[in-house]
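Working notes, beginning with the structure itself.
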Amino acid sequence: MTASDNPAGQPEFVPKVADHQLLRRIGAGSGGQVWLARTTLGTYRAVKIIYRRSFALHKPFEDELHGLVKFEPLSRQHDGLVDVLQVGGDPTGDFFYCVMELADDVATGPHINPDRYQPRTLACDLSTRRRRPVGECIRVGVPIASALGFLHRQGLIHRDVKPANIIFINGFPKLVDAGLVTEMFKPSSHVGTEGYIPPEGQGTVRSDIYALGKVLYEISTGKDRFDYPELPADLRPTIEDQDLIRFNKIILRACRTNPRLRFRDAEELTSALLAFEFGKHAPSREQKIKTLDHWLRIAGITVALSVISYMVWHIVWLLRHSG
C-alpha cells in the first residue's frame, strides 16, 4: 500500500505493529483508524491505531488509552464484547494500537478475502435491509444488553452504543469501540453520537440503555433514530406488525426522557427482551397457540362427523336386520 492509496488527510505511511502486517485501512472513528491486518500465522485481525495528533488536547488521547486499558482484561470475559487481543504503542509515543477480533465480511462471513473485505456491522446491515422481524431484533438486543450489564457491573460505561459499533463475528453480534469506555459517573468531555445521546448527557448506566433503545427502535421499525417515537405508517393487522407494537413498549421505556423512568439497569432490559421472546407475547408461541387452536377445531369437527356417521350407519343396519 502506498501513500497515494490513502484518502486525503491520512498518514503517508503504514504504521508498524508487532507481529502483524497491516494490509489496508477499513474504517475510522473516535480519533483513530481501523486496519485489516494479518498475523505471522496468517490469521486476519482488526487493528485500531489511535494517533496523538488526532486530538487537539493531550487529555482525550490519554482518556482513549485509559478506556482501552480498562476494557482489555474484561473484553474476553463476555461473549457480547469484541475480544481485545493485544495492546501496544509506538516507541516515539505518536500512537498506540489494539489488536481485535475481525468482523465477518458483509458478503462472505468469516471467510476473508483481504482485497474485497468489508466489515459487517449492524449499520451496514441497516443500509441494505432496515426493518427486522422482532425475533431478530431480540437476538441482537439480548447479547448487547447483557454485555452492557457486564460492563456496568465492573463500574464502566460504554458511551457510544450505536449500529456502527455493533459488529458480527461468526454471525454473533458484539459491541466494539473500547476507547470510549470510562468509569461510571466520571466527568468527561462530550462524547457519543447525536441521536443516541439522552437529554441528560452521557455518563450513567441509563444513558447506555437509552442508546441501545434507539438502536432497537431503528432495527425494528426501519426508521431513523431522529424519527423516534414514530412507528411505520404502513402497519397492518398482521401478527408481525402486532408484535412490533407490543415490542415498542420495551423501546419506549428504554428511551424515556426522564432517566428514572427507564429500565433501572441493563439486566432489567435483558430480562424484558427475554420475557418477550419466551413469554405469552412471543411471536413463535402466539403463532403456535393459534395453529394448535385451529387444528383442535378441525380435529373436533372430524370426530363429531365420525360419530354422526357411525350412528347413522348403525341405525340403517338395525333397520335392515330388524325383521
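Coordinate-derived values only; no laboratory data. The structure displayed is predicted, hence computed values, not measured ones. Don't worry about glycine lacking a Cβ; one is built from the backbone with ideal geometry, like all the others, and counts go over all protein chains shown.
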Here is the link list: K48/K249; K48/K214; K16/K174; K16/K223. Which ones come out longer than 31 Å on Cα distance? K48/K249; K16/K223
Give me the distance between the Cα centres of region 83-142 and region 218-249, rounded to whole Å. 26 Å
What is the sum of charges, Lys and Arg at +1 and Asp and Glu at -1, for the other residues whose Cβ falls under 11 Å from the Cβ of T43? 0
